[in-house]
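Quick note: the coordinates plus some simple rules give every number you see, no bench work behind them. Since this is a predicted model, take the numbers as computed values, not measurements. Cβ: placed from backbone, ideal geometry, glycine included. Neighbour counts: every protein chain shown.
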Amino acid sequence: MKTKDELIDDLLTLAFAEDVGDGDHTTLSTIPADERGIQRLIVKEEGILAGVEIARKVFEKFDPELKMTVYISDGAHVKPGDIAFEVEGSVRSLLQTERVMLNIMQRMSGIATQTAKYQQRLEGLKTKVLDTRKTTPGMRMLEKEAVRIGGGCNHRIGLFDMILIKDNHVDFAGGIRQAVEAARKYCAEKGKELKIELEVRNEDEIRQALEAGVDRIMLDNFTPERTREAVKLINGQTEIESSGGITLDTLRDYGECGVDFISVGALTHSVKGLDMSFKAVK
């Protein structure tokens, strides 16, 4: 299985392949090969900055001789006019890396900003906001990193690092007990130490989950009132996650019920990028 760094490198390879192709003919035809210059990343909207270290990878991959000077690090609160970093070197390289870097920085910063808003809504509570697998194909590692930078927590990265038994799994397996027992047997046979989370739809399934001894129970599409009753029933015996249609407006209602986590697909699947630009220093 590929490492996080290898997946990011693959993403950058694809990003340059689809953007630069066989060359940025505008830049190659108008800019002399020996021209050197400086460009700076200017923030144009208030939010949380994310992607600075990935931007460094962008520049290093395309042209190792580009020199990056960072003024504002990942996770910082930024405002219009802030200068996050400057990059010095070949003007041709600066112009050909600009869009790939901006696409990543704007999306990651938008996700971090969104996450910070959600987590701030839970201020004073033990509840943490979680991301989901509702990510842009190929960009999952970056988007989940942005959630972390914004103050949220990562759920499982993919299908490989946690067992999440959902309603369809339960129905096909013949029941909660059968599904959990099969998952435990599988982990033992494969030598894997994976947490087991179970999605439940009602109180009866909560009781079955507790009897099965799962590591976390996901309350799927419960109202705040039903969530409060479920938290009482579980009574600290396992971790609790709320999921399903929870918005920024309803988030705190669920957090005040006493759940440990709230998963929100909107952190990554419907985010506006943070506005910024990469301008030449004259």
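Once you place label points 7 Å from the Cα toward the Cβ at ASP9 and THR26, how far apart are they in nm?
Roughly 3.1 nm, to one decimal.
Trypsin sites (Lys or Arg not before Pro) within region 1-82: which are DSSP loop residues with at most 12 other Cβ atoms inside 10 Å?
Values: sites: LYS2, LYS4, ARG36, ARG40, LYS44, ARG56, LYS57, LYS61, LYS67; in loops: LYS2, LYS44.
For trypsin sites (Lys or Arg not before Pro) across region 1-82 that sit outside H, G, I, E and B with at most 12 neighbouring Cβ atoms in 10 Å, the list reads LYS2.
Let me make sure I get this right: for region 2-115, a, b and c are the square roots of the gyration tensor eigenvalues over alpha carbons, sorted descending. Under 1.5 in a/c it's rounded, otherwise prolate if a/b > b/c, else oblate. Which is it? Show your work: numbers first, answer last.
Numbers: a/c = 1.96, a/b = 1.33, b/c = 1.47.
In terms of gyration-tensor shape, oblate.
Quick check for region 146-234: number of Lys pairs with alpha-carbon distance under 20 Å, counting only pairs 8 or more apart or on different chains?
On the way: LYS166/LYS185; LYS166/LYS192; LYS166/LYS195; LYS185/LYS195.
So the count of such lysine pairs works out to 4.
Are there GluC sites (Glu not before Pro) in region 38-90 that DSSP puts in a loop and that have at most 13 other Cβ atoms within 10 Å, and which ones? Mind dumping the intermediate values first?
On the way: sites: GLU45, GLU46, GLU53, GLU60, GLU65, GLU86, GLU88; in loops: GLU45, GLU46, GLU65.
Those that pass, being in a loop and sparsely packed, are GLU46, GLU65.
Compute the distance in nm between two label points, each set 7 Å from the Cα along the Cα-to-Cβ direction, one at CYS187 and one at GLU35.
5.9 nm
Kindly provide the trypsin sites (Lys or Arg not before Pro) of region 88-158 that DSSP labels as loop, not H, G, I, E or B, and whose Cβ sees at most 13 other Cβ atoms within 10 Å. Walk me through the intermediate numbers first.
Details: sites: ARG92, ARG99, ARG107, LYS117, ARG121, LYS126, LYS128, ARG133, LYS134, ARG140, LYS144, ARG148, ARG156; in loops: LYS126, ARG133, LYS134, ARG156.
The qualifying sites are LYS126.
So, how do all the Cα-to-Cα distances of region 165-231 break down into 5 Å bins, in percent, from 0 on up?
3, 18, 28, 24, 15, 7, 3, 1, 0
Extending each Cα 7 Å along its Cβ direction at LYS232 and GLU18, get the distance between those two points in nm, one decimal.
Label-label distance for LYS232 and GLU18, simple model: 5.1 nm.
Expressed in nm to one decimal, what extension gain is obtained for the pair GLN120 and ASP253 from 0.36 nm per residue of sequence separation less their Cα-Cα distance?
On the way: separation 133, 0.36 × 133 = 47.88 nm, distance 1.36 nm.
My answer for the length gained is 46.5 nm.
For an R0 of 22 angstrom, estimate the FRET efficiency from the Cβ-Cβ distance between SER277 and PHE160 and round to the nearest 0.05. Before the final figure, lay out each step's value.
Numbers: r = 38 Å, r/R0 = 1.73.
Once rounded, the FRET efficiency stands at 0.05.
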